[in-house]
């Protein structure tokens, strides 16, 4: 998901402390920043929450790209509000990560140095206005499936950030579906654009959940610690089941001929995404990886004088105030 | 000297008549900008009528390990709760 392929960190600590910690998790207690926690738990969370935060921030780029070209003033205001929300979501998450003893600047520098990742989905381009609707509907829709589950994650600050994010995220999915609805029920050209956007974004959205992790040792540890609540496969299936009727309502063709209702399972069957593409995008070879990282690096570099100047001003003002007292 | 903006804890009063509640933290160079950032980060949907910001470094917290000694004394005093006392029904609501 927004934290794809997060490896759990090994832990090598006092078995009695570990057992007491696991008992608290099993009892459904939330772990708070000052509580004792295994180093592996702390490091896995820093990586997962950090990656989630980076995804929110990088996720502003494909949508921000369309703010000036939104088709109406109303759509422009809506998109601006959504992109502003993504910035806010990034900040909630950085603040949750910081309670684990890492700073936001550390995390940003780790991203820029290529030591941390963000979700693969944001390495795909938004080519036209239909893509903006489809991103809100499908990408945020997939994110919601993941984040609703994470509201029950064991680390208190992460769970609370998820609650706040979920409250706001529903607007994101609905505005996207609303925009696509207007196109799907519009002229034949608009409908074709909507279809094309769904076709192109379907598999990248499916990849957001990450490859099957039913045999993964890392996932097993994260699930035992309740850092992860569901397997990638469970969440992907949930997304498929809720999204297919939404596609059909629009009168669009399903983007995958393998999407067929399976009466025996009580779920839709589907074709697995091309995982070699997924790994390739994670490695940096997606259509937009270089652009995204260049945009983040530029923002960081161009903002340096501003961050420094405000800090210098604050120090001088504090010194003046001290001298006057 | 690190130029990372310091961390502030943010408290929001949701409505008139309610307490300020902790909602999260953020970075800002000074108190005035911390309030402005808090407005943008934590009140985009009418969540508040008032904001407090406090430098995170100024917060003193009780240690989780002291939970027992700190809170046990009040746990033991069940007679502080109204339900400790059986009052006859005949007396009516009390």
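Only the coordinates and a few stated rules stand behind these numbers; no lab work does. Just so it is clear, the structure is predicted and the values come from calculations on it, not from any experiment. Cβ: placed from backbone, ideal geometry, glycine included. Neighbour counts: every protein chain shown.
Details
- Neighbouring Cβ atoms from other chains, within 10 Å of the Cβ of residues in B:20-29, number 5 on average.
- Cα-based helix-to-principal-axis angle, B:31-42 vs chain B, degrees rounded to 10: 70
- Residue among B:84, B:11, B:71 with the largest mean-square fluctuation in a Gaussian network model of chain B, springs linking Cα atoms under 10 Å: B:84
- Shielding of A:306-319 by partner chains, average beta-carbon count, 10 Å: 3
- Near-label residues of the range A:122-139 by backbone N, under 17 Å of a point 7 Å along Cα→Cβ of residue A:187: A:128-131
- Annotation for residue A:309 and residue A:323: the two label points, set 7 Å from Cα along the Cα-Cβ direction, are 2.2 nm apart.
- Distance between the range A:96-144 and the range A:249-325 - C-alpha centres, whole angstrom: 2
- When the alpha-carbon atoms of the range A:35-120 are used, the pair Rg, Dmax equals 15.4, 52 angstrom.
- Virtual spin-label span in nm between residue A:26 and residue A:127, 7 Å along Cα→Cβ: 5.3
- On the principal axes of its alpha-carbon atoms, the range A:164-235 has extents of 51, 28, 12 Å, going from largest to smallest.
- Per-residue average of Cβ from other chains inside 10 Å of A:85-93: 3
- Residue-normalised convex hull volume from the C-alpha trace of the range A:177-325: 242 Å³ per residue.
- Overall form of the range B:1-88 per C-alpha gyration tensor (a/c, 1.5; a/b vs b/c): oblate
- Shape category assigned to the range A:134-179 from the gyration tensor of Cα positions, a/c cut at 1.5: prolate
- Take the Cα of residue A:276, go 7 Å toward its beta carbon, and the backbone nitrogen atoms of the range A:184-220 under 20 Å from that spot belong to A:203-208, A:210-212.
- Within the listed set A:281, A:217, A:148, the residue fluctuating most in the Gaussian network model of chain A (springs between alpha-carbon atoms under 10 angstrom) is A:217.
- Candidates A:121, A:165, A:67: whichever shows maximal mean-square fluctuation once chain A is modelled as a Gaussian network with Cα springs under 10 Å: A:67
- Three-way shape call for chain A based on the alpha-carbon gyration tensor, with the a/c threshold at 1.5: oblate
- Ordered by the number of other Cβ atoms lying within 10 Å of each residue's own Cβ, fewest first, A:32, A:189 fall into the sequence A:189, A:32.
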